[in-house]
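The values are calculated or read from the model by the stated rules, or taken from the named source; none is laboratory data. All values reported here derive from a predicted model rather than from experimental measurement. Note: accessible area is taken over every heavy atom of the protein model, side chains too, but ligands, DNA and RNA are not part of it. Shrake-Rupley method; radii C 1.70, N 1.55, O 1.52, S 1.80 Å.
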Amino acid sequence: MHTADYVLDAVVVGAGVIGLAIGRALALAGLDTVVLERAGAIGSETSSRSSEVIHAGIYYPSGSLKARYCVRGRELLYDYLRSRAILYDRCGKLIVAADSQGERRLATIAARARQCGVHDLRMLSPQEVGALEPAVAPGPALFSPSTGIFDSHQYMLSLQGDLEAAGGVVALASPLLDGHLATTGGHSVRVGGREPTTLRCRVLVNAAGLWSRQVCLQLTGAVSKLRVPQQYFASGHYYSYSGAAPFSHLIYPLPTAGGLGVHATRDLGGQVRFGPDVRWIKEVDYAFDDSARVAFSAAIRRYFPALEFDRLQPAYIGIRPKIVGSGAADGDFLIMGQKMHGVPGFVSLHGIESPGLTASLAIAEAVVDEALGVA
């Protein structure tokens, strides 16, 4: 079978929201760019199986990449959505506590958020919470006015449109077969599809999300310089809630190990959904397991006592790519560039979970600077 060869400036592996944002940024920087996607549509995994929340940057350790890129990315994202007339709602959220011990945790969260540049949080008394959200169990809460929701699918389509308008290409149904990293000169990747194709490029970005470790293991050459991180998967189940919405804001409990707790969000049409929980899995599997609905509803009732069990309906599963496993402290984003592995023009992203959607434009800025050697 004939194998075609093409020489490009940049190749990005993965057309989720992170890959699209990076591809767009590379194309806008004047690079001839192709974004490869093994599926038949953009953003079909982690990017489209989230809460669609614009996070304020509250929970993350000061100085972490999650904190830095979430705060920066939040403002970039709001500006982008306004400029493109993409639907969003800066509705705000409440992080609720059940007792005085929880209130102390809220104070700790607020102090950490201030260290990260989030200065608009406000502590609410139980009476203020009751006035804002009568259905929420009485107790103190932390109010975040910068948190919002948006149409993430429209956002990804807009990123793709920007990329293509700048001369870039998104190649769907184009799985990476293997590749070669070069310490000097260009890298190359072999792409499947209707006809095997070899792409040669000076910039190669691994933004494959759940499959980032696998992509690294498919590379040869200077790959010996990489310390490929381990990959762990945490699935999260979401339930829709039929009928009228009980809340006007997003409602979050105190965060739990591996996630932010089973929280209540809503979409732009007003439909409420609850989730995600955290279940550690060994393989990517989107089959919905309804067996924990009772435990799931118990978690919700801690802040929403009037929950009607029969109104919960299985919705979908999201899977978070993690670089640490169960029982470990939450990991940070990992963006491996030349400073880390010594291979020029190659950037590999790992553990890009929440708040990756919010941080996508800020991550893209950082990756382009890293790939092009900008100090």
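Relative to the dominant Cα principal axis of the chain, helix 152-165 is inclined by about 30°. Taking the three principal axes of the alpha carbon atoms in the stretch 1-121, the coordinate ranges are 69, 30, 27 Å, sorted in descending order.
Translational diffusion coefficient of the chain (Stokes-Einstein, Kirkwood radius from Cα pairs, 37 °C, 0.692 mPa s): 153 µm²/s.
The angle separating the long axis of helix 65-84 from the principal Cα axis of greatest extent in the chain is about 90 degrees.
Could you look at the chain and say what percent of its accessible area is carbon and sulfur, using a 1.4 Å probe and all protein chains? Provide the component values of the computation, followed by the final result.
Working: 8180 of 15420 Å².
Carbon and sulfur: 53 percent of the exposed surface of the chain.
Per-residue surface analysis assigns R82 an accessible area of about 120 Å², computed on protein heavy atoms at 1.4 Å probe radius. Surface listing: R293, R72 arranged by accessible area from highest to lowest gives R72, R293, probe 1.4 Å. With all protein chains kept in place, the per residue accessible area of the chain amounts to 41 square angstrom at a probe of 1.4 angstrom. Residue pairs exceeding 24 angstrom between C-alpha atoms, taken from K66/K93; K93/K282; K282/K339: K93/K282; K282/K339.
Using just its DSSP H runs of length 4 or more, each adding -39500 (n - 2.57), the chain gives a mean residue ellipticity at 222 nm of -8500 deg cm²/dmol after division by all residues. Here the Karplus curve 6.51 cos²θ - 1.76 cosθ + 1.60, taken at θ = phi - 60°, turns the phi angles of the stretch 335-346 into couplings of 10, 9, x, 4, 4, 8, 10, x, 9, x, x, 10 Hz, with x standing for Gly and Pro.
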